[in-house]
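No lab work stands behind these numbers, since they all come straight from the coordinates. Predicted, not measured: the structure shown is a model, and the values here were computed from it. For neighbour counting, all protein chains shown are included, and Cβ atoms are generated from backbone atoms with ideal geometry for every residue, glycine included.
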Amino acid sequence: MVDKDNTVVPAAEATGLSRREFVTGIGGTGVGLVLGGLLVKGFMLPDEVYAIPASEGYLLVDTKKCAGCESCMLACSLVHYGRENTSLARIQITQDPFGTFPQDLQMDQCRQCPYPACVDACPTGAMHADAATGARMVDERKCIGCERCVNACPFTPSRVQWNHEDKHAQKCDLCKDTPYWNHEGGADGMQACVAICPMKAISFTKEIPAQSEQGYQVNLRDAHWGHIGFPTDDAGKIVPQPAPAPAPAAK
Amino acid sequence: MATGGYVGKILYVNLTDGRIEEIPTSKYEQWGGGHGMGSAVFFDLVKDKTIDGFDPENVVTFMTSPFSGTLTPSASGRTEVQGIGVQSYPVGWFTRANFGGRFSAELKYAGWDGIAIQGKAEKPVWINIVNGEVSIEDAVGIWGLNTHEAQQKIWSIVGGDEAENGEWRGMSTGRDSGRTTQRPAVVTIGVAGENLNRNAMLLHDSGNSAGQGGFGGVLGSKNLKAVSVVGTGSVPVADPAALMDLRMELQAGFAYNVEEPVLEAPMADFPFYGIITRSPGASTVMWKGKDHPNRPQGCIGCFRACRRRWENGVANGDGCAESTYWMMGTQDENMAATHLLDQLGLNHYDAKNYSYLLALYKMGILGPGMQIDTKLPFENYKSYAFIEAYTKAIANREDIGADLAEGFARAAEKWGRYEEDTTSGILALPNWGFSEHYDPRIEVEWSYGSILGDRDINEHGLNTHVHWAPQVQAMVKQAPLVPAEQLVNLIAEATGLEPEGWDYSPDGIYADAKIAAVAWHRHYSRFWIQSMGMCDTAWPMLVNQVSEDHKGATPEYEPRLFEAVTGTVLSYEDSLELGRKIWNLDKAIWVLQGRHRDQEVHTGYVYSVPTTAPYFLPAKVDGVWDYSTCVGRTLDREKWEGVKTRFFELEGWDPATGWPTRATLEALDLSAVADELDAAGKLGA
């Protein structure tokens, strides 16, 4: 994971702990497993740092379950912009068709970082935490196109993108602003990628998940998954051989 | 005029003089997309339709559809390839092939609805498409590479290689040209194509191949190694909310629910049963997950993900018959053999006829110093060393591979064995030199459709329900989920035809209802499968094997998807008419190439060698529907001639020749096509 941000972030002088340092630690790779099972509000931090409300929702992905169909990307672009463009998808699937499972594929979703570097980096307040849901999102009217948010994201690829067609930054808003969808989105509604993923490799949680350098520690694969010949263990090494399923009733 | 689905222009590249031009898509929008557009573009660009497939004037088209790159389920990722082929025998018909993956989507994002390639480059080249920028690049360092290496090399040139994995990459100097995390989508030939092999295929990513037609050899003859495309633009969708709703509805009603499956296979790790349940990874029928952990893998936008990507990275994305290429070794060896085919760029469906060579070897006809002299290690034919040497020999034109590179039909002809061995059936090439796929004596939509067309039709939407579902359930000793009578009634309801259209009894296969069903199959497929790029393993969704009422999604959903994406209303009936129009245009091209009804006859074994293995299909015997084992069946030569006559009459073609008439063509707004046939003296009476 590469820290691409060289901008200066105001430090929390009183503690000597800069928000920048904290953000890098949380969102990036500075610590191995930083938030196991804990809610963000449980952290004891100086007021100067604890200024951004936590997101009320997070996307969980199981990269070992993903089929690489990129339907999530198509759904994301469609509900937000009414058109199809993988470059405008706020979740990205990157894969090597010749790769070896499970290293062949990454699911790159926004983590809704507790201390979001993208929000921190924005000079105009365009990148902000939504008052209602806490989702880190862009007020497009305020975006001046400086791309500091794009560069500040500690992940690769950046979870904040420059929308080159509409000329503003964009990032996952948990589907709060989806003008082209007949369903209510957002932290209390549905998320298009979750709804569309045919492998159910993406899920939504209100609790901040545990994460490591490889991302969230998530296993969404159950016995049904094993039955059709796919591994269900965390490492993706073991295909279970369960007892035969009951035969369907003859007609 | 559509308000969505199309991105506005078709790319024309002439490799002889280096011309790169744009054709407005609007000129061809009336054809829908894909195959229809490809046939029409070919018809306009190729003035002399009698040229050979290796002639530089031959045009190869790569066409997308309005659905490409969208969320339309199992319809987003397929690219239709057309041109005069070099594989079919005895004539290289104007033909088609098709591959999945994400090339079609990437082409749309780059702003192109299709590509037409004509001419022959002086030296090996590849075509580089980055959004609107198109260049013909020198293929030094790429020519000679296998299909995997060639793609990786191009990624290292365009962007997206190992070092850049997952990075956002800009398209040019300015940020407003957009960025992508995706690797360029590359379709390439292997050494088989470079060596003008008539069975050479095109490969994209891993396991996405355009197999039939010998388009690998055709591109090889043009000195064209690969086409690469990457784009950052948008595909407009007329009614995005409706498309999203339709996708969710179809997914809820017709996709396999991985968390709460309605029905599961009777044993674990048994992909074959996925034909019934539509479970992910179902196409890798011969390979098990227990030895090699893997993930399901789907083409872009697919909700089925029928293939797999493995822990050893071998044969990623290969499925269906490709997984049956070699079955005599360990799973590792079997997968390696398929992997090798892919890398060399060879079509499995011809190469698999090594079983015929083994027969000749056992008969003492083929071997060292024999009539067909070969040093290939037939004495160790059960070893991987054999299949490896054999496969490489074809790709490299070595040993008897020099003959087999011309295809098994032409090789057998050269050896003086074609008539005898296709009559006895030890060389089972029922139509136009293509290998037997489904039994031509019984499952006749397939064999009639193939011989009345140009290739093995390879359309599984109907076949899944009439044949595979009862066959797989017989394999596991289950009673059919959908009884035969209910099945044919459901299909009749979905197609608007009579239930007797799906009667495979000895009389049923010659009945008028069957002829109407064959015509429906041609017209439906020409439009929805080949022109709209809907995957044939998913569409038409005639029956839902696992739901309570078993009702399929066809014909309700196809027109709704078309309207949501394009903004234009197209009734199911009109879509079939458009399919019929495209089918007539294709037929006209074949007639210009010399087609006559006298050629439309299967090889001898189809009429003389009875079937022996149980092959389940619905049949109505003494007024009662059941799934029949169909054993002991042949096709009757005289009755087939009668079927042809009635089929031509139904299509409005001259029954004496099979040629379209002016009246039929003009009623389809194809006057110019009628004029060209007239000028050639080939208009039906």
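List of remarks:
- Shape category assigned to region A:80-124 from the gyration tensor of Cα positions, a/c cut at 1.5: oblate
- Calculated log₁₀ intensity ratio I(q)/I(0) where the Debye formula runs over C-alpha points of region B:444-679, q = 0.11, 0.13, 0.15 Å⁻¹: -0.59, -0.83, -1.08
- Residue-by-residue Karplus 3J(HN,Hα) for region A:90-102, coefficients 6.51, -1.76, 1.60, Hz, glycine and proline x: 8, 10, 10, 10, 10, 8, 10, x, 9, x, 10, 4, x
- Beta bridges assigned by DSSP with both partners in region A:118-205 are antiparallel in approximately 90 percent of cases.
- Segment residue B:402-residue B:44, extension gain: residue separation times 0.36 nm, minus the distance between their alpha carbons: 125.3 nm
- Based on C-alpha pairs under 8 angstrom that are at least 6 apart in sequence, region B:9-230 has a relative contact order of 21 percent.
- Trypsin sites (Lys or Arg not before Pro) restricted to region B:1-40 and DSSP loop, no more than 16 other C-beta within 10 Å: B:19
- Kirkwood analysis of the Cα pair distances in region B:9-230 returns a hydrodynamic radius of 17.1 Å.
- Normalised contact order of region B:110-265, rounded percent, pairs of Cα under 8 Å and 6 or more residues apart: 25
- Computed from backbone phi, the HN-Hα couplings of region A:139-156 come to 8, 4, 5, 8, 6, 9, x, 7, 6, 4, 5, 4, 7, 6, 4, x, 9, 10 Hz, rounded to whole numbers (Karplus: 6.51 cos²θ - 1.76 cosθ + 1.60, θ = phi - 60°; Gly and Pro given as x).
- For the protein assembly as shown, the Kirkwood hydrodynamic radius from C-alpha pairs, put into Stokes-Einstein at 25 °C and a viscosity of 0.890 mPa s, yields a diffusion coefficient of 86 µm² per second.
- Put simply, the C-alpha atoms of region B:240-424 give a gyration tensor, and the ellipsoid matching it has half-axes of 40, 18, 15 Å, longest first.
- Additional length obtainable on full extension of the chain from residue B:609 to residue B:645, 0.36 nm per residue less Cα span: 10.5 nm
- Shape of chain B, Cα gyration tensor, a/c cut at 1.5: rounded
- Overall form of region B:159-292: oblate. Here a/c, set by the Cα gyration tensor axes a ≥ b ≥ c, is 1.5 or more, and a/b is not larger than b/c.
- Ordering of A:217-227, B:569-579, A:188-198 by packing is A:188-198, A:217-227, B:569-579, highest average first (other Cβ atoms within 10 Å, averaged per residue).
- Exposure proxy for B:362, B:514, B:120, B:477: other Cβ atoms within 10 Å of each Cβ, ordered fewest to most, give B:477, B:362, B:120, B:514.
- Charges were assigned to the Cβ only: +1 to each Lys and Arg, -1 to each Asp and Glu. The resulting dipole of the protein assembly as shown about its Cα centre is roughly 960 debye.
- Structure note, pairs B:514/B:644; B:639/B:682; B:9/B:587; B:352/B:382; B:27/B:222; A:65/A:237: Cα-Cα distances above 19 angstrom occur for B:639/B:682; B:9/B:587; B:27/B:222.
- Region B:507-533 residues near the modelled residue B:574 label - backbone nitrogen below 16 Å, point 7 Å along Cα→Cβ: B:527-528
- Relative contact order, percent, chain B [alpha-carbon distance under 8 Å, six or more residues apart]: 14
- Once the Cβ-Cβ distance of residue B:122 and residue B:162 is raised to the sixth power relative to R0 = 35 Å, the FRET efficiency obtained is 0.60.
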